[in-house]
Ligand code: 13P
């Protein structure tokens, strides 16, 4: 039987938001209460708002996260913020390795890996971002880049409970462009293969988010793709109506997928497949498991 992972919709506010944004967040909290419980919700505001939003979100459907952290617990690092400080302020997740930090601050894969370990040391979960640039995509290097980023950025101690992977093609961030569902399926299948190869049991349960120009209008289609276990949303997470629209589309999609999987599974069991079952499958109700082969591990397609 394939495993159905809980969908995670995470908003990344980036360097946006003042205390004046709190009413917008309160509107998100109010709207989120009505959403289906099968979707996990997270908002990662700038560090200046983590404590205030965590306070408002206490006991609600929305968890609060942060966008980056220093690798050390404390010390002479002017202007930096440690994972422990963010957790103390109320963050339960911390994004590391976002392409904007890799580009703006020259963060290497090794540094991203250290940051993920710092997140765990502080008791939070890490969302590790990977993704290719337009130039790398044009040069046909997408899978090589992702393979290297994942292999070097993800610590050996990664598990389904402490890690979320976010695939964010750099060329899709803030541009209104998105990969086709077929491209997303191929790349998320590739990422799934890599994490399963490295962590055979945990890799099947690790959530892999898609990020890059996710909107209410395209969220359901993207979430329907195999091995897409949620979204990391930038611009559209700043407005309650847009963020809730994405969450609602994903909640509907994941509910539909669960019903579909139940029906397919029931039919399968009734039919000739009874003796074989769904052994060996993985991912989020991926009925096209036969298309994901070790070939993905070795070569670009
Ligand atoms: P947009 O949704 O604005 O394209 O940003 C995606 C992103 O970078 C989330 O981390």
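The values are calculated or read from the model by the stated rules, or taken from the named source; none is laboratory data. Since this is a predicted model, take the numbers as computed values, not measurements. Because the Cβ atoms are built from the backbone with ideal geometry, glycine has one as well, and the counts that use them run over all protein chains shown.
Here are some notes:
- The residue list 79, 17, 97, 90 contains one member that is on the phi > 0 side of the Ramachandran plot and surrounded by fewer than 16 Cβ atoms within 10 Å (Cβ to Cβ), which is 79.
- Residue, nearest to residue 121 (Cα to Cα), within region 164-182, restricted to residues that are within 16 Å of the ligand (Cβ to nearest atom) and not in a loop (DSSP other than H, G, I, E, B): 164
- When residue 33 is tested against (1) out of contact with any helix residue (DSSP H, G or I) (no Cβ under 9 Å at 6 or more places or on another chain); (2) buried (at least 23 other Cβ atoms within 10 Å of the Cβ), only condition (2) is not met.
- Residue list for region 110-149, filter: surrounded by fewer than 16 Cβ atoms within 10 Å (Cβ to Cβ) and within 15 Å of the ligand (Cβ to nearest atom): 134
- Some residue of region 236-257 being closer than 19 Å to residue 188 by Cβ, touching a helix residue (DSSP H, G or I) at 6+ places or on another chain (Cβ under 8 Å), at pLDDT 95 or above and assigned to a helix (DSSP H, G or I): yes
- Any hit, region 117-132, residues being modelled with pLDDT of 95 or more and more than 17 Å from residue 158 (Cβ to Cβ): yes
- No other residue among 213, 159 is at pLDDT 95 or above, away from the ligand (no atom under 16 Å from the Cβ), assigned to a loop (DSSP other than H, G, I, E, B) and in contact with a helix residue (DSSP H, G or I) (Cβ under 7 Å, 6 or more places away or on another chain) apart from 159.
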